[in-house]
Amino acid sequence: MLKSKSSSTAMRYGLAISLSVFLFAGAIWKASAEEGTPAGPKASTASFQRLVDRYCVTCHNEELKTGSLRLDNVDLAQVAENGATWEKVIQKLSVGEMPPLDNPQLSKGAHNAFLSHLVTTLDGVAAASPNPGRPGAHRLNRTEYTNAIRDLLALEIDGSMFLSGDSPDFGFDNIADSLKLTPMMLGRYISAASRISKLAIGDINTLPSNQIYSTSKELMQDDRMGDDFSFGSRGGMSVSHHFPLDGEYILKARVEIPNPAMAPDFFQRSDASEQLYLRLDGEQVEKFQVGLPWDFTKGASKKDKYANDGSLSAEEYAAREGAGAFEARVAVKAGTHTITAEFLERTLAYEGLRPEHYPSYYNFDFDVLRHEEPGVLKIHVAGPYNATGLGDESPSRQKIFTRYPSAPEEETEVATEILSTLARRAYRRPITAGDMDTLLTFYNQGHDAGGFEFGIRTALEYILVDPEFLFRVETQPEGIATGDAFELNDVDLASRLSFFLWSTIPDEELLSIAERGELRNPGVLEEQVLRMLADDRSVSLVDNFATQWLYLRNMEVVAPDPIVFPEFDGELRAAMRRETELLFASQLREDRSVPELLSANYTFLNQRLAEHYDIPGVTGSQFRRVELNGPNRGGLMGQASIWTVTSYSTRTSPVKRGKWILENLLGMPPPPPPGGVPPLPEPSKDTVGMTLRQLFEEHRKDPVCASCHVKMDPLGFALENFDAIGKWRTHNAFGLPLDTRGSMPDGTFLEGPAGLRDVLKSMEDDFTQTAVQKLLVYALGRGIEYYDQPVVRQIMRDSKSDDYRWSSIILGIVNSTPFQMRRAN
């Protein structure tokens, strides 16, 4: 039973079905008579049933159940009752996997006619009886919680300091059914609410504390480290820290001078010293001279004097041999500030020859940074001392205290105004009298204990643990039966939209429009979507959608072997991920066609990554857009990040790469490997002289393995020119020439990354449909079910005329049945 279904949605589906019939009519007329399919648009269900019995049931029956699919017990006259089964058939027919190539084949006309019949029938069922699904209770994940605190209280927090991470499901960490609230997690939310409300409002009784930030020892620190650093600087680290009160703080940079075994040239310089700058929000706080205190002329050899025979711990060695703490005591206003410790870049190279990079195992052997110049290991922040105030100018206090009582008798009135404003934004809906009664109860308890501000803090702490804030609660109409579909009200739709595009709560403009019931007015919803995409907060689609879809988050944990790949360091790790993020962001910002992700003739590079790619003319640590001339680096297929996260620590993996393409680009995930299949043999004395391809050919002799590897391996071997950290090569590690040729199951030939890119370009509809499905999963916070496939096809049809631009696909999702509706609990 359908409640409040808009006529525009029904009309849209009706037009789509008519269009589908028109597009496939020609194919139906050409259906082959020998296959029992009449040559005309009035092909009967019985004729299609005969086709299924002849070509499908021989494999998909009770005995064989090939692909876990039975077709001998389903009736084409009752397609709606077996929608899940027929959607699987549609998928197999669409990619040419049914019937198998070594079985008798349908004619093209019969194939298209049958596919059209299934699509048109299932889409018609979806239009007549929409099934929008029923997402589970959606707790805010850590990212959404962090962003909500930022937008609610103007307070930047590090969510990892308060909450644990969320496990991904269906590829994303915002899936409602996986976001349960355990007793342990509830305890963390309660603790976070107490700490955050205290940080936002301030507590003059805050005791001094010491916060330590550390940097990665993979970093070379041999260039400007990023946007937070001054031009002309080298190395160092930068952190964002929240200062709870106006007062004095001790800022300390812990510096390490390199081990002489790694950097002999540094110790032979006539002026072995560096200038270290400590800055707060870009302004210089203090300058230090970091030098060597040792007298080289007093007899002891350098080897004896600086050697560590293992008897000293890392801290003892650092204390004796050159690590030092450089500190300054500074008056700081309450709020979040950026602390930077950086060196002045020297314009002259050190004397002698230095290796470009030291192997990364040095920082395991010596527990020191991987460079030959001094580097910053840690930044300490201690305080507050001699506090002078709560920080009335801090962004969070200004956000909260929009008004302040001028007399005691005004306190309750002002508290009501402040708390209603906070609760409305936090709960993402208008506030009721019952809400205010509860909030004022907590306010009064706090007020009695500590006055007006403590009352506000107590009520705010309650807001931050209220289920209406921690969960995305959607209101059901009264009297609706369980399982019935209903249209979301405008306020709940606004919340869905905001968490989809921004991963945070609605802003004032969106919430106000929704409260007035105007969000579905003609043109308003589209206007809001385009406004939100143009807003800086839409970077969440890069940070949270793209990084999970493309596995970029795995760049944080990949560990290329330091012996095999000594050039891999922290800068390269970060640059690889950043390149792909910037490419996706530019495609989204410029509203490009989705398939262009595969063929873009430009990328974003800094010097470190450009050198890795052997692309000249790029200098410095800043990323800039670079046009690509050759065929090897264009689009996602040329990104080192992708091929690093799909490799092993010592070698490439054609299987992992091929599987990644099938799953993430083409939407054709292979089944899990059957039990008992032996793994691919690793190189050994028995395989000396054999290439990786030859090892795989031996592996594929097992017919159980061959059925899946025949799809994955050609894709993976086409990428063998990229080694396990995405660097171009023509020979493998043993000096043997690479063979990147292959054939797809349908006989399509491909060779190398350029050939693979051409194959994928010919499958741009499949890629776009996969992108739509991934984005729909992310938008809904649940997995895609069979009843969502008509929606995916509708979005594809609607956006095709606009060249599959990102805005068209996003608008298609926002206007879709599962996004605007849900089934009752």
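The values are calculated or read from the model by the stated rules, or taken from the named source; none is laboratory data. What you see is a predicted model, and the numbers here were worked out from it, not measured in a lab. In this analysis, Cβ positions are derived from the backbone assuming ideal geometry, glycine residues included, and neighbour counts consider all displayed protein chains. To get the accessible areas, we keep the full protein, side chains included, count just its heavy atoms, and leave off ligands, DNA and RNA. Shrake-Rupley method; radii C 1.70, N 1.55, O 1.52, S 1.80 Å.
Would you mention how many residues in region 430-449 are touching a helix residue (DSSP H, G or I) at 6+ places or on another chain (Cβ under 8 Å), surrounded by fewer than 16 Cβ atoms within 10 Å (Cβ to Cβ) and either modelled with pLDDT under 95 or not in a helix (DSSP H, G or I) (or both)?
1
Is it true that some residue in region 752-775 is in contact with a strand residue (DSSP E or B) (Cβ under 7 Å, 6 or more places away or on another chain) and aromatic (Phe, Trp, Tyr)?
no
Could you check region 484-518 and list, in sequence order, the residues that are in a loop (DSSP other than H, G, I, E, B) and surrounded by fewer than 22 Cβ atoms within 10 Å (Cβ to Cβ)?
Listed by number, the residues that qualify are ASP484, LEU488, ASN489, THR504, ASP507, ARG516, GLY517, GLU518.
Give the residue, chosen from GLU515, GLU478, that is at pLDDT below 95 and either under 25 Å from the mean Cα position of the chain (by Cα) or over 14 Å from GLN820 (Cβ atoms) (or both).
GLU478
Looking only at region 400-429, count how many residues are out of contact with any helix residue (DSSP H, G or I) (no Cβ under 6 Å at 6 or more places or on another chain) and charged (D, E, K, R).
Number of matching residues: 5.
Of the residues in region 578-594, how many are part of a loop (DSSP other than H, G, I, E, B) and crowded, with 20+ Cβ neighbours inside 10 Å?
1
Results for (1) among the small types (Gly, Ala, Ser); (2) open to solvent by less than 20 Å² (accessible area, probe 1.4 Å), shown as yes or no for each residue.
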{"position": "ALA128", "(1), (2)": "yes, no"}
{"position": "PRO132", "(1), (2)": "no, yes"}
{"position": "LEU140", "(1), (2)": "no, yes"}
{"position": "ASP151", "(1), (2)": "no, no"}
{"position": "ALA154", "(1), (2)": "yes, no"}
{"position": "PHE162", "(1), (2)": "no, no"}
{"position": "GLY165", "(1), (2)": "yes, no"}
{"position": "PHE170", "(1), (2)": "no, no"}
{"position": "MET184", "(1), (2)": "no, no"}
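Output yes when any residue across region 419-426 is open to solvent by 50 Å² or more (accessible area, probe 1.4 Å), outside any helix (DSSP H, G or I) and over 22 Å from THR206 (Cβ atoms), and no when none is.
no
State whether one or more residues within region 195-205 are modelled with pLDDT under 90, outside any helix (DSSP H, G or I) and either crowded, with 21+ Cβ neighbours inside 10 Å or under 26 Å from the mean Cα position of the chain (by Cα) (or both).
No, there is no match, as no residue in region 195-205 is modelled with pLDDT under 90, outside any helix (DSSP H, G or I) and either crowded, with 21+ Cβ neighbours inside 10 Å or under 26 Å from the mean Cα position of the chain (by Cα) (or both).
List the number of the failed condition for SER599; all other conditions in (1) open to solvent by 20 Å² or more (accessible area, probe 1.4 Å); (2) over 17 Å from LEU665 (Cα atoms); (3) not charged (D, E, K, R) hold.
Condition not satisfied by SER599: (2).
Restricting attention to region 564-577, does a residue exist that is at pLDDT below 95, over 17 Å from VAL645 (Cβ atoms), open to solvent by 30 Å² or more (accessible area, probe 1.4 Å) and assigned to a loop (DSSP other than H, G, I, E, B)?
Yes, there is a match, as at least one residue in region 564-577 is at pLDDT below 95, over 17 Å from VAL645 (Cβ atoms), open to solvent by 30 Å² or more (accessible area, probe 1.4 Å) and assigned to a loop (DSSP other than H, G, I, E, B).
How about region 47-76: which of its residues are under 30 Å from LEU665 (Cβ atoms), open to solvent by 40 Å² or more (accessible area, probe 1.4 Å) and part of a helix (DSSP H, G or I)?
Within region 47-76, THR66, GLY67, SER68 qualify.
Among what's in region 728-757 and is open to solvent by less than 50 Å² (accessible area, probe 1.4 Å) and among the charged types (D, E, K, R), pick the residue that is farthest from the chain's Cα centre (by Cα).
Here the residue is ARG729.
Return the residues of region 77-126 that are of a type in the set (D, E, K, R) and either surrounded by 15 or more Cβ atoms within 10 Å (Cβ to Cβ) or in a helix (DSSP H, G or I) (or both); say none if nothing qualifies.
Correct list: GLU81, GLU87, LYS88, LYS92, GLU97, LYS108, ASP123.
Can you pull out every residue in region 171-184 that is more than 13 Å from the chain's Cα centre (by Cα) and either of a type in the set (A, V, I, L, M, F, W, C) or under 24 Å from LEU550 (Cα atoms) (or both)?
If the condition is that a residue be more than 13 Å from the chain's Cα centre (by Cα) and either of a type in the set (A, V, I, L, M, F, W, C) or under 24 Å from LEU550 (Cα atoms) (or both), then ILE175, ALA176, ASP177, SER178, LEU179, LEU181, MET184 are the ones that fit.
Quick test of your reading of the structure: ILE615 fulfils all but one of (1) open to solvent by 20 Å² or more (accessible area, probe 1.4 Å); (2) among the β-branched types (Val, Ile, Thr); (3) closer than 27 Å to LEU666 by Cα. Name the failing condition by number.
That leaves (3) as the condition not met.
Given the options GLU393, GLU373, GLU474, name the one that is open to solvent by 10 Å² or more (accessible area, probe 1.4 Å), in a loop (DSSP other than H, G, I, E, B) and within 30 Å of PRO566 (Cβ to Cβ).
Only one candidate qualifies: GLU373.
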